[in-house]
């Protein structure tokens, strides 16, 4: 029996597993008839899954966790049985701000902020895509690493990925943290300067997940696993270097990203900063990465210190990943959690079907994150809203 | 009450505004897109926003009061009856209120907005249906013409032939007509 279902996505390169699974018939091969629906707002994606209009969607990993916790909305029974990608997000600044910064590091931003303050100009304004996003945490982390308070010294606004370019052009923002391909679009068409990429901030860090309604997954477990298998296969296909050109063309179509193929292709290169869909366990929903996201929610006061971290971690479902991965013949990590930011060089991770090659995973400031002491980590930053 | 309606679709916004005209007292402002400066200038008590507006996420981020955002907003969820919240999502509309506003007044306004969004959906789908009906009628007319010419038969007989073909294959008459036209084209030498 063919099962029909609806999945939502936002026009971003990391929606590739969904688009590839649809376009290459990988959902159909699993016996599911999937309709993809493009949305322009993350809040609408969240609400449509909550209302049962979508059974699942391409979701910001932190939004899946926030929705489950009931932070920013009524609680939504969302689970994340797979990650869709690593890398792709980038912090960029306008040509004007770049000229004032006179360097690419956060310390240079301090000088630019001071210059503006001295002239009595409006504060430096950055756009991020959603309050609960890796983009927000990466931007705040980077700004705070130089001793700037992201709530006091800088102005941060929210704009959807596709609108960041317009805002930069109109001069209403000076910088941004946005997902691919929109960073490259700002760079190419607006003279923006990319100063930090997700692959430099945290190699192998999380970004988007497949968010699934837990109610639906419990009711239709076979259909849910069929979707997962299709997506895991699509992620493998999308990662193959020989498919990069075809993938860029497929994504750039007007009903998907509606962006120039050559700019989409820019972040599909297989270097340290390029998007990863499957390789280096990029599809695996690491509970330690959910823990890191929760640590940043604590750090910036988005969740109350009394909230149990366990509730956030339960959003990630490595058990479901393993079931689908074993059907597909993919090696899955033997552990659900790891210390993040520990490896300075490539390493091998023990997997269910032999070792999985992994890249370095050092954070750009060389800190290390142990999920077992996430509160101490969140409270340990020079700038944090969490006091121990 | 000061209401800001954010809708990138001007026809729909007009329809909603007309529906809200009966509610008194209501100070209604309309904009196709939203930015922080508009919010500060208008200082609405209530924002009704289309779910297909990309500016919805900007509103979502204004939950916390800051120097730039003295009046924090929350999404208004109608809990008066089960299924009301889902109905709003289905209609494609969301409401945000300044924290502390009376829910009963908001409910009435949201209901009007929802029904107008649904009406617009209905009008659009009726229009699409009318357009496709017209297109299939034209196709059937052309197929009839081909049959009349090739078989040297009358209009009624040609139509009966198409209907019989449709019934035999269990397909809509317009689909049969489309096939007939394309096969006819190929036989005449068109590239398929």
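Values quoted throughout were computed directly from the atomic coordinates according to the rules given, and no laboratory measurement underlies them. Since the model is a prediction, treat every value here as computed from it, not as a measurement. Because the Cβ atoms are built from the backbone with ideal geometry, glycine has one as well, and the counts that use them run over all protein chains shown.
Quick notes on this one:
- Chain A: angle of helix A:287-299 to the longest principal axis, Cα-based, in degrees nearest 10: 30
- Note on chain B: with a GNM built from Cα contacts shorter than 10 Å, the maximum mean-square fluctuation among B:84, B:63, B:163 falls on B:163.
- Cα gyration tensor shape for segment A:83-186, rounded if a/c is under 1.5, else prolate or oblate: prolate
- In the elastic network of chain A, a GNM with C-alpha springs shorter than 10 Å, the most mobile of A:216, A:202, A:292 is A:216.
- In segment A:90-201, the DSSP beta bridges split such that about 55 percent are antiparallel, to the nearest 5.
- Note on residue B:26 and residue B:167: the extension gain reaches 45.1 nm, defined as 0.36 nm multiplied by sequence separation minus the Cα-Cα distance.
- Degrees between helix A:318-328 axis and first principal axis of chain A (Cα, 0 to 90, nearest 10): 50
- With the biggest extent put first, the Cα atoms of segment B:25-124 measure 41, 28, 27 Å across the principal axes.
- Most fluctuating residue given options A:36, A:60, A:78, as computed from a GNM of chain A linking Cα atoms under 10 Å: A:36
- Three principal axis extents of segment A:1-82 based on alpha-carbon atoms, in descending order, are 37, 29, 21 Å.
- Computed on chain B, with alpha-carbon pairs under 8 angstrom and 6+ residues apart, the relative contact order is 17 percent.
- Relative contact order of segment A:292-355: 24 percent, from C-alpha pairs under 8 Å at least 6 residues apart in sequence.
- Solution diffusion estimate, µm²/s, Stokes-Einstein, segment A:233-320, Kirkwood Rh from C-alpha pairs, 37 °C, viscosity 0.692 mPa s: 212
- Note on residue B:99/residue B:155: beta-carbon distance plugged into 1/(1 + (r/R0)^6) with R0 of 60 Å gives a FRET efficiency of 0.30.
- Rounded is the label for segment B:129-187. Its Cα gyration tensor axes, ordered a ≥ b ≥ c, give a/c under 1.5.
- Principal axis dimensions, the protein assembly as shown - Cα atoms, whole angstrom, descending: 90, 69, 48
- 0 to 90° range, to nearest 10: angle between helix A:161-170 axis and chain A longest Cα axis: 20
- Intensity falloff of chain B expressed as log10 I(q)/I(0), Debye formula with alpha-carbon point scatterers, at q = 0.08, 0.14, 0.15 Å⁻¹: -0.47, -0.76, -0.83
- Shape call, segment A:198-247: gyration tensor on alpha carbons, a/c limit 1.5: oblate
- Using a cutoff of 8 angstrom between alpha carbon atoms and counting only pairs six or more residues apart, the relative contact order for chain A works out to 22 percent.
- Sites residue A:327 and residue B:191, calculated FRET efficiency, Cβ-Cβ separation with R0 56 Å, nearest 0.05: 0.80
- Computed Kirkwood radius, in angstrom, where 1/r is averaged over Cα pairs of segment A:326-372: 11.8
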